[in-house]
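Asks: Sharing a structure below in structure tokens format, with a few things to ask.
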Amino acid sequence: MIKPAISCPYCGTKYLTFQPNCSNCGASLPLPDQASAFDAGTPPPAPPRDISDSYIWRLMQQDGWAIAALVFALLGIIFAPLGIILTVAIITAFVGIPFALLGVLFLAAGIAILVWRYQTAQMVVKVLRNGQAARATIADVHQNYSVQINGRSPWIIQYQFAVEGQNYGGSVSTLDAPDERLAKGNSAWVLYLPGAPQTSSLYPHP
């Protein structure tokens with residue numbers, strides 16, 4: 001009995017048995033039970049793309065780290081002045097100093113994480129504007145139930161793609177439930193920075 005052929009979703013080369021990478025183009029081949037049910041669709045437009053700077057804030061609003069950092073910063077703003085007041089004006093340094101130190105620690109941690117996540121969002125916007133396009137395969141889709149943002153757990157979408165025969169991977173996070181287009185095993189488009197394919201993002205960003 002002849003086994004069904006496995007096709008490379010990128011160049012169309014066919015194989016009778018599974019292998020991790022296409023010998024013709026170097027792309028990752030989907031597992032036999034994960035063949036793409038959906039095509040990646042129309043390729044992204046050529047760079048530079050019209051991505052507004054305000055998109056950074058949209059990414060921040062769906063970023064669990066950024067939201068947690070904002071909570072820490074707000075706690076710091078509350079605890080630090082309260083500790084100073086307790087130390088100087090009302091009770092004793094024994095009570096006030098720990099409050100003040102805790103507030104400063106929360107505030108410093110919150111600001112540091114916010115800066116980090118803002119820079120990460122900036123990089124995503126840079127990729128969406130100027131990145132080169134490549135075909136990718138959705139490797140996994142799952143919800144991170146350990147994090148709650150406004151009562152919702154973020155979805156993590158992991159993907160794999162190849163550039164010049166080298167395999168790369170990445171992931172994006174979103175609070176919106178992915179549609180069928182982003183189901184595991186499907187084909188999708190990614191954008192990556194020229195010269196730095198390890199910096200990438202799905203296009204369109206979920």
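The values are calculated or read from the model by the stated rules, or taken from the named source; none is laboratory data. Because the structure is predicted, anything quoted here is derived from the model rather than measured. Note that each Cβ is placed from the backbone with ideal geometry, even for glycine, and that neighbours are counted across all protein chains shown.
Asks: Regarding region 60-75, can at least one residue be identified that is among the β-branched types (Val, Ile, Thr), touching a residue at least 60 places away in the same chain (Cβ under 8 Å), in contact with an Asp or Glu (Cβ under 9 Å, 6 or more places away or on another chain) and surrounded by 15 or more Cβ atoms within 10 Å (Cβ to Cβ)? Talk me through it step by step, then tell me what you get.
Replies: Within region 60-75, the first condition is being among the β-branched types (Val, Ile, Thr), and the residues that meet it are 67, 71.
If we keep only those that are touching a residue at least 60 places away in the same chain (Cβ under 8 Å) as well, we get 67.
Among the residues that remain, those that are also in contact with an Asp or Glu (Cβ under 9 Å, 6 or more places away or on another chain) are: none.
No, there is no match, as no residue in region 60-75 is among the β-branched types (Val, Ile, Thr), touching a residue at least 60 places away in the same chain (Cβ under 8 Å), in contact with an Asp or Glu (Cβ under 9 Å, 6 or more places away or on another chain) and surrounded by 15 or more Cβ atoms within 10 Å (Cβ to Cβ).
Asks: Another question, then. Assuming ASP33 fulfils every condition listed in (1) assigned by TED's automatic domain parsing to the domain that holds LYS184; (2) modelled with pLDDT of 70 or more; (3) surrounded by fewer than 14 Cβ atoms within 10 Å (Cβ to Cβ) apart from one, which condition is it?
Replies: So ASP33 meets the others, but not (2).
Asks: Failed condition for THR137, given (1) surrounded by 15 or more Cβ atoms within 10 Å (Cβ to Cβ); (2) of a type outside the set (A, V, I, L, M); (3) not assigned by TED's automatic domain parsing to the domain that holds LYS184, with all others met?
Replies: Failed condition: (3).
Asks: How many of the residues making up region 143-165 are modelled with pLDDT under 90, part of a strand (DSSP E or B) and not aromatic (Phe, Trp, Tyr)?
Replies: Looking only at region 143-165, we keep the residues that are modelled with pLDDT under 90, and these are 143-155, 164-165.
Now narrow it down to the ones that are part of a strand (DSSP E or B): 143, 149, 152, 155.
With not aromatic (Phe, Trp, Tyr) added as a condition, the list becomes 143, 149, 152.
Matching residues across region 143-165 total 3.
Asks: Mind telling me which of the residues VAL172, VAL124, VAL147 ends up being in contact with a His (Cβ under 9 Å, 6 or more places away or on another chain) and touching a residue at least 60 places away in the same chain (Cβ under 8 Å)? Lay out the reasoning, then the answer.
Replies: Values: VAL172 fails: touching a residue at least 60 places away in the same chain (Cβ under 8 Å); VAL147 fails: in contact with a His (Cβ under 9 Å, 6 or more places away or on another chain).
Unique residue meeting the criteria: VAL124.
Asks: Just a yes or no: is a residue in region 95-102 touching a Leu at 6+ places or on another chain (Cβ under 9 Å), assigned to a strand (DSSP E or B) and on the phi < 0 side of the Ramachandran plot? Give the derivation first.
Replies: First, pick out the residues of region 95-102 that are touching a Leu at 6+ places or on another chain (Cβ under 9 Å): 95-97, 99-100, 102.
Pick out the ones that are also assigned to a strand (DSSP E or B) and you get none.
No, the conditions are met nowhere in region 95-102.
Asks: Residues being in a strand (DSSP E or B) and closer than 19 Å to HIS142 by Cα: count how many of those fall in region 168-188.
Replies: From region 168-188, those in a strand (DSSP E or B) are 168-174, 187-188; that's our starting set.
Then keep just the ones that are closer than 19 Å to HIS142 by Cα; that gives 169-174, 187-188.
Qualifying residue count for the region: 8.
Asks: Of the residues LEU107, LEU74, which single one is at pLDDT 90 or above, in contact with a Gly (Cβ under 6 Å, 6 or more places away or on another chain), not assigned by TED's automatic domain parsing to the domain that holds GLN148 and not in a loop (DSSP other than H, G, I, E, B)? Spell out how you get there, then give the answer.
Replies: On the way: LEU74 fails: in contact with a Gly (Cβ under 6 Å, 6 or more places away or on another chain).
So the residue among LEU107, LEU74 that is at pLDDT 90 or above, in contact with a Gly (Cβ under 6 Å, 6 or more places away or on another chain), not assigned by TED's automatic domain parsing to the domain that holds GLN148 and not in a loop (DSSP other than H, G, I, E, B) is LEU107.
Asks: Can you tell me how many residues within region 154-205 are closer than 18 Å to PRO45 by Cβ and under 14 Å from the mean Cα position of the chain (by Cα)?
Replies: 9
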